[in-house]
Amino acid sequence: MRDPKRIEAFCDELCRIWKEVPDWRFTQLIENWQSYEGHSPFLFYKEDDETIQSINDYILKLTGMADEE
């Protein structure tokens with residue numbers, strides 16, 4: 001069984017990321033990220049840590065903050 005504590009950590013990180021684009025609705029965030037990922041059918045199989053990292057990478061690239069790292 002997966003650790004249920006991962007859910008809160010995931011949601012906390014998603015909240016932090018989403019605040020980088022506060023004018024977007026949640027579904028905009030997800031749809032835009034999926035476009036970035038290429039609407040891959042394999043998104044279903046991504047682990048939570050891979051998903052949150054991918055969303056974070058997308059937002060960093062979008063906001064130009066990826067260049068600062």
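Residues of the stretch 1-38 that are closer than 18 Å to residue 61 by Cα, assigned to a loop (DSSP other than H, G, I, E, B) and of a type outside the set (Asp, Glu): 19, 21, 22, 24, 38. Selection within the stretch 1-14: residues that are open to solvent by 90 Å² or more (accessible area, probe 1.4 Å) and farther than 20 Å from residue 54 by Cβ. The member of this set that is modelled with the highest pLDDT is 5. The residues on offer are 17, 52, and the sole one that is touching an Asp or Glu at 6+ places or on another chain (Cβ under 9 Å), touching a residue at least 40 places away in the same chain (Cβ under 8 Å) and open to solvent by less than 60 Å² (accessible area, probe 1.4 Å) is 52. Can we say residue 63 is surrounded by 12 or more Cβ atoms within 10 Å (Cβ to Cβ) and within 14 Å of the chain's Cα centre (by Cα)? The answer is yes for residue 63.
The values are calculated or read from the model by the stated rules, or taken from the named source; none is laboratory data. As the structure is a prediction and not an experimental result, all values here were calculated from the model. Neighbour counts are summed over all protein chains in view; Cβ atoms, including those assigned to glycine, are modelled from backbone coordinates with ideal geometry. Note: areas computed on protein heavy atoms with side chains; ligands, DNA, RNA excluded. Shrake-Rupley method; radii C 1.70, N 1.55, O 1.52, S 1.80 Å.
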